[in-house]
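Below you'll find the structure, written out as structure tokens, and then a few comments.
The values are calculated or read from the model by the stated rules, or taken from the named source; none is laboratory data. Quantities reported herein were computed from a predicted structural model and do not represent experimental measurements. Neighbour counts run over all protein chains shown; Cβ positions are idealised from the backbone, glycine included.
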Amino acid sequence: MTLIPTIAVVDDDVSICNALAELLEVFDFKCQIFDHPEKFLAAYMRGRFDCLITDLNMKGMSGLELQQKLSAADPDLPIIFISAQSAPEAKSEALRLGAVAFLSKPISDDVLHRHIISALSRGTMDKPDDLPREP
């Protein structure tokens, strides 16, 4: 029996959460969405999620703050950041703290899928061109 990975999506834009959830289901992943980082932390249990996709800038807690809180509780949880803003310093910080990818919105379905597969195998590549191509 193969376990289906569960991806958590945290973004304060509910339309982004819903769109990502639909896409992740097409990719045959389970998905749980959270419209605030605090809601994710309240539901969080180690091992419940196989990967986290989060926005950088959200009301209340930022994606970087969420990452810092999670790093102590679950340093092995792969985190993929998505952001509409060009934020080189935030990208550097997120990757330094262990994020497996930092992607700019809009992102293509294929690029996101490859980064999720990389994250699930604990890959650490941050550029789509560095990812292996599927045959």
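Only residues that are without any contact (Cβ under 8 Å) to a residue 40 or more places away in the chain and closer than 18 Å to Phe29 by Cβ were counted across the stretch 101-121, and they come to 11. For Ser86, the conditions (1) of a type in the set (S, T, N, Q); (2) exposed (fewer than 13 other Cβ atoms within 10 Å of the Cβ); (3) assigned to a helix (DSSP H, G or I) are fulfilled apart from (3). Applying the set (1) within 13 Å of the chain's Cα centre (by Cα); (2) outside any helix (DSSP H, G or I); (3) within 21 Å of Phe102 (Cβ to Cβ) to Gln32 leaves exactly one unmet item: (3). Going by the structure shown, is Met58 closer than 23 Å to Ala87 by Cα, hydrophobic (A, V, I, L, M, F, W, C) and in a loop (DSSP other than H, G, I, E, B)? Criteria met by Met58. Pick from Phe40, Phe49, Phe81: which is surrounded by 11 or more Cβ atoms within 10 Å (Cβ to Cβ), in a helix (DSSP H, G or I), modelled with pLDDT of 90 or more and of a type in the set (Phe, Trp, Tyr)? The conditions single out Phe40. I'd like to verify a number: residues in the stretch 79-95 that are more than 15 Å from the chain's Cα centre (by Cα) and of a type in the set (Val, Ile, Thr), how many? Residues meeting the conditions: 0. Scanning the stretch 91-108 for residues being exposed (fewer than 14 other Cβ atoms within 10 Å of the Cβ) and under 18 Å from Gln68 (Cα atoms) gives a total of 2.
For the stretch 65-76, the tally of residues that are surrounded by fewer than 21 Cβ atoms within 10 Å (Cβ to Cβ) and either over 19 Å from Thr6 (Cα atoms) or in contact with a strand residue (DSSP E or B) (Cβ under 7 Å, 6 or more places away or on another chain) (or both) stands at 4.
Candidates are the residues of the stretch 16-37 that are of a type in the set (D, E, K, R) and over 24 Å from Gln85 (Cα atoms); the one that is surrounded by the most Cβ atoms within 10 Å (Cβ to Cβ) is Lys30.
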